[in-house]
1. Heavy-atom accessible area of A:Glu82 with all protein chains present, probe 1.4 Å, nearest 10 Å²?
2. What accessible area per residue, rounded to a whole number of Å², is obtained for the protein assembly as shown using a probe radius of 1.4 Å?
3. At 1.4 Å probe size, what's the solvent-accessible area of B:Thr532? Round to the nearest 10 Å².
4. Quick query: amide H of B:Thr93 versus all other amide H atoms, modeled in the peptide plane; which residues come in under 5 Å with a sequence gap of 5 or more or a different chain?
5. Using DSSP to call loops (not H, G, I, E or B), can you name the trypsin sites (Lys or Arg not before Pro) in region B:294-392 whose Cβ has at most 13 other Cβ atoms within 10 angstrom?
6. Using modelled amide H (1.01 Å from N, peptide plane; none on Pro or chain starts), what sits under 5 Å from the amide H of B:Tyr498, excluding residues fewer than 5 places away?
7. With r as the distance between the Cβ atoms of B:Lys275 and B:Leu647 and R0 = 51 Å, compute the FRET efficiency 1/(1 + (r/R0)^6) and round to 0.05.
8. Can you list the residues of region B:203-246 whose accessible area drops by at least 20 Å² going from the chain on its own to the full set of protein chains, with a 1.4 Å probe?
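The values are calculated or read from the model by the stated rules, or taken from the named source; none is laboratory data. Nothing here was measured: the structure is a model prediction, and the numbers come from that model. Note that each Cβ is placed from the backbone with ideal geometry, even for glycine, and that neighbours are counted across all protein chains shown. When the accessible area is computed, the model is the full protein with side chains, heavy atoms only, and any ligands, DNA or RNA have been set aside. Shrake-Rupley method; radii C 1.70, N 1.55, O 1.52, S 1.80 Å.
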Amino acid sequence: MKVTRREFLVGSGTLIGGLTLSSLGINLEPIIAYADEMKKIDKVRSARQSTSICCYCAVGCGLICSTDTKTGKIINIEGDPEHPINEGTLCAKGAGIFQTTAANEHRLTKVLYRAPYSDNWQEKTWDWAITRIAKNIKATRDASFIAKNSKGQVVNRVETIAHMGSSNVDSEECWLITAMARSLGIVYIDHQARV
Amino acid sequence: MTNHWIDLQHSDVVLIQGSNAAENHPISFKWLMKAKERGAKIIHVDPRFTRTSARADFHTSLRSGTDIAFLGGMIKYILENEKYFKDYVVNYTNASFIVDERFDFKDGLFSGYDPTTRKYDKSTWAYKKDANGIPEKDFTLQNPRCVFQLLKKHYSRYDLEKVSSITGTPVGDLKTVYEMYSSTGVKDKAGTVMYALGQTQHTTAVQNIRTLCMIQLLLGNIGICGGGVNAMRGEPNVQGSTDFAILSSYIPGYLPAPQASLKTLDEYLKRITPKSADPRSANWQQNYPKYMVSLLKAWYGDKATKENDFGYSWVPKLDDGQDCTILNMIDNMYEKKIKGLIVIAQNPTVSLPNADKVREAMTHLDWFVHVNIFDNETASFWKGPGLDPKKIKTEVFLLPAAASVEKQGSQANSGRWVQWKYEAAKAPGDAIYTGDIVIRMVTKLKELYKKEGGATPEPILNLKWDYADEKGRFDPLKVARTVNGYFLEDITIGDKTYKKGECVPSFTLLQADGKTSSGCWINSGSFAQDGTNLMARRKKDDPTGLGLYPQWSWAWPVNRRIIYNRASVDLSGKPYNPKRPLLAWVDGKWVGDVPDGPWPPMEDTKNGKYPFIMKPDGVSSLFGPGLGDGPFPEHYEPLEGPMAKNLLSSQMNSPIIKIFTKECDKYARCDPRFPFVMTTYSSTEHWCTGAITRWQSWLTEAQPQVYVEISEELAQIQGIKNGEKVKVESARGSLTCVAMVTTRFRPFKCGDQIIHQVGMTYNYGWLFPRDCGDTANLLTPTVGEGNTGTPEYKAFMVNVKKV
C-alpha cells in the first residue's frame with residue numbers, strides 16, 4: 001500500500017502513548033525528545049492548512065501553509081505536493097519562506113517616520129501617516145499640475161511626483177496602484193518589469 | 001512565455017541562452033530533467049559555466065553583449081543549410097511578403113535614419129501592397145525583394161569566422177550549437193528557447209529576443225508543445241504587474257498610454273486600432289475599442305459616459321515622444337524636478353544602475369513613501385554610506401506591509417497562470433495589505449479634494465473606489481471581479497442574454513458602448529458568469545496528457561495554455577506532430593487546448609484565418625517594422641565595450657539607445673583604465689537585491705557576502721589569489737569585495753584580442769547584514785535600450801585590482 005508523506009506524519013503521532021513506559025524504569029529521554037517532536041507534528045496536524053504561491057522567481061510553485069489555530073501564527077510552510085508544477089518541491093528560497101513571516105524578528109510592525117534632517121525613525125499611527133502623506137501628495141500635485149501642455153493640448157498630468165513598484169505584490173494590489181497613480185496624473189510610473 | 005513551465009518536458013532540444021535557469025528558476029529544471037529522460041538535449045550558451053551548464057549536454061560561452069552576432073550566425077546556418085520548416089515559414093510567417101523598394105540597409109544602418117534626432121523614419125520599412133491594400137506575396141520565396149531573400153542577404157554577413165571574432169566562441173562550438181538546435185526544424189521535433197535577463201539587460205535587448213523569435217519561426221517551433229519563446233520572468237508577479245501596467249507607456253491590457261495629440265477618445269481608438277484589408281486575418285487588435293471603453297468604465301464607473309468620452313480626458317497624457325521610463329525618472333530626480341516619490345516593494349538604490357547617482361537623487365526629494373516588509377537601503381537611504389542625515393531634508397514614511405503568505409490575491413507566473421492564494425495568517429503588529437495602504441491613501445485624497453478643491457480634482461473624485469469590505473478593509477475579490485469585468489446592464493449578445501452585475505465570462509463579450517466594464521481585458525474570463533473564481537481551481541485533470549492541466553487555476557488569455565497554437569497544425573487542421581497533439585480539427589471542431597481563435601483551419605478558404613491573430617497581417621514577423629531600431633536584428637556593441645570597432649559595421653552602438661550626459665553618467669569605452677568586461681547576475685539563495693532574503697539567516701548563511709568571480713588566467717595577471725580582497729572599479733564607482741578565482745570564467749579570444757570577463761551578483765546592500773558588501777550597481781552604466789529604456793546591466797567595463 002502506498003503511504004503518502006502526509007499519512008506517515010499523521011500516523012506516527014500515535015506513538016505518544018509510549019510515555020507510560022516510564023513507570024517500568026525504562027530510560028525515556030530519547031522518547032521524550034521524540035515526543036516533543038511528536039507535539040510539533042501534532043500542532044501541524046491540528047493546524048489550519050491553506051495554500052499559497054511562492055513569492056520569488058515566477059515559476060509559481062505551490063505552498064502549503066500550516067497556521068496554529070490557537071495563536072493564529074504560521075508554524076510551517078512547505079511545498080504543495082498537489083501542485084502540478086513543483087509537485088511539493090521547492091528551491092532554497094521557497095523552502096525558507098517561513099523566515100518571511102512574523103517568526104522573523106526583523107519584520108516591520110510599526111509605521112515609521114523620519115523627520116527632515118533627523119537621524120532616526122519615530123513610530124507613528126496609520127491615521128497620522130496617511131493624512132500627512134495625502135497632504136504632501138496634494139500639495140505637490142496642486143503646485144505643479146499641468147492641465148494643458150505648451151501646445152494647448154489637455155494633458156492632466158503631474159511631473160513632480162513619481163511612482164515605483166511593484167512586481168512583488170498581488171495583482172489586485174497592482175491594479176489599485178495603477179488606478180491610484182493614473183488618477184493623480186502621475187506619468188513617471190515604473191517598476192521591476194523594466195529593470 | 002508563449003508556453004508554460006510543465007511544457008518544457010516535451011522539448012527535444014532546449015536552448016538556454018541568457019539564463020542560468022538551474023540557479024535562478026530551479027524548479028524549471030525538474031521539467032528539463034524530465035525532457036532529458038525522454039532523450040532531449042540541453043544547450044547552454046553563457047559567458048560563465050554555471051550549474052545550468054553542468055546539467056546541459058553542451059555548453060559554450062560568448063562575450064557578454066554579442067547574442068545577436070551568435071544568433072545571427074544561426075539564422076545564416078538555418079537558411080543556407082535549409083533547416084527551416086518550409087510549410088510553416090511559407091504559411092505562418094511574412095517570409096513571402098514583398099518589401100518596399102526603398103527599404104535598404106547599409107553599413108549598420110537601415111534606411112530612414114536621422115542622426116540629429118537619433119530616430120528612424122520608418123516609412124520605407126513597409127510592404128508593397130496590391131490594389132486592395134493587402135501585402136503582395138511570393139510564396140516561392142524567390143523574389144529578391146521578398147522578406148525571405150532580404151533576410152538571407154542580411155545574415156549572409158554573419159559567417160562563422162566573423163561571428164567567432166565578435167563573440168569569442170570557437171568556430172567548432174558555433175557549428176555544434178547551430179547543428180544541434182536547427183535539428184528541430186522538422187515536423188516531429190520541438191525546440192524551445194529559454195531566456196531571462198541575460199537577453200533583456202542589454203542595449204540591444206528587444207532585438208536579442210526578436211532574433212530568438214525569428215529562429216523559432218524559421219524552425220516552426222512556435223505554437224507547439226515543447227516549443228515557444230519562453231521568457232523566464234524574475235519576480236513572483238511581474239507578469240501581473242506588467243499586465244496591469246505599472247508602467248508609463250501602457251495602461252492595463254497592453255493598450256498604449258494615450259498621447260497628448262490624440263485629443264479625443266475617437267482619435268485615440270483610431271490610432272491604436274490597426275486595419276487589415278485581408279479577410280483571412282482576424283486582426284484581433286481591431287477589438288481594442290471594446291477593451292479601452294470597458295477599462296474606462298472600470299476606472300470611472302457611472303461617471304464615465306458617452307457624452308464625456310467615457311472620462312478619456314481624465315487619463316494623464318504624455319506629450320508625443322515624451323519618455324517617462326525609469327532612467328529619465330532618476331535623471332529628473334537628480335535635477336531636483338521630482339519632489340515626491342512613492343516606492344512600493346522595490347529597492348532602487350540597490351537595483352538601479354549607477355547607484356551613486358540614484359542615492360544622490362533620493363536626497364533631493366521633499367518627501368518619500370516606502371512600503372515593505374523589512375527595512376532596506378532605499379527606505380534608509382538618508383543614513384547611507386557617505387551621507388550626513390543632518391543635510392538631508394527628505395521626510396520619509398516607512399509603511400509596514402503584509403508578506404505574500406499573509407495575503408489573499410492572485411499572482412501571474414511566467415506561464416500566464418493566474419494563481420489564487422490565501423491568507424495564511426494576519427500580518428504582524430500594525431502591518432497591513434499594500435492594498436489597504438493604497439485604499440486609505442486614495443480615500444484620504446478624495447476627502448481632501450472634496451473638502452478643499454484643488455488642481456483638476458475630477459480624475460480623483462470620479463475614480464470608482466469601492467474596493468473595501470463592510471469593515472473598510474481591502475477586498476481582493478472585489479478588485480479581481482472588477483478586473484474580470486461585469487455586464488453593466490442586461491444585454492443580449494448573439495443568442496445569449498447576460499444579466500446586469502454578472503461577471504463577463506470572456507473578453508469576446510466586452511462592448512465598446514459602455515455596457516461592460518473590465519479592468520484588464522486579458523484577465524476577462526478569470527471568473528465564470530456565475531461568479532466562480534476560476535483562478536482558485538485545483539483540478540488535476542489532464543485530458544490531452546500533455547501537462548496542460550486546464551482546470552488547475554486559470555491562464556490568460558481565455559485559459560489558453562499555449563498561445564499561437566493554431567500554428568501547430570497544418571492547413572487542414574492536422575497536428576504537425578501527431579505524437580504531441582496540442583490541437584486538432586476533428587469533426588468540425590477544435591479538440592485539445594483552447595484554440596487561438598475558433599475559426600476553422602486555413603484550408604477553409606471562406607472562414608479559415610491565419611494563426612497569429614494579434615498581428616494585423618495574421619502571420620508572424622520575420623521582417624518586423626514595429627521596432628525603433630530596425631526590422632532585422634543587427635549586432636551592435638554594448639555602450640561600454642572592449643572593442644575599438646564593431647566588426648560588422650561602422651555603427652558602434654544601436655543608433656537609438658538612450659544615453660545620459662551628466663558628469664555622473666560618464667562611460668568609458670575601450671579604455672585601458674577599465675580593461676575587463678563585467679556582467680552581473682543573481683544567486684539561488686538570494687533574490688534580486690536581497691531586500692527580503694538578506695534578513696533571513698538560513699539563506700544568508702549560504703551566501704553571506706558579495707564576491708567577484710574572475711578567471712584563473714586573469715587572477716594570475718592581476719596577482720590575485722582566491723579569497724583575497726579586491727577593488728572592482730568602473731568609470732562611475734567602485735566596490736571592495738572578495739575575489740573568487742574560478743574556472744567558470746575563461747578568457748575570450750576575439751580575433752587577435754584576448755578579452756577577460758568577470759561577474760558579480762547584485763544581491764547585497766550596505767544596510768544588512770553588516771559588512772556583507774554593497775551593490776554591484778555602483779559600477780553599472782546609465783544607458784537604456786532604445787525601445788524600452790531597460791538598462792545595460794550585463795555588459796560594461798571594469799578593473800579588478802588587489803587592495
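1. Approximately 100 Å² of A:Glu82 is accessible to the 1.4 Å probe.
2. 36 Å²
3. 70 Å²
4. B:Ser620
5. B:Lys306, B:Lys336
6. Here B:Ile491, B:Thr492, B:Ile493 satisfy the definition.
7. Efficiency, from the Cβ-Cβ distance: 0.75.
8. B:Arg233, B:Glu235, B:Pro236, B:Asn237, B:Val238, B:Ser241, B:Phe244, B:Ile246
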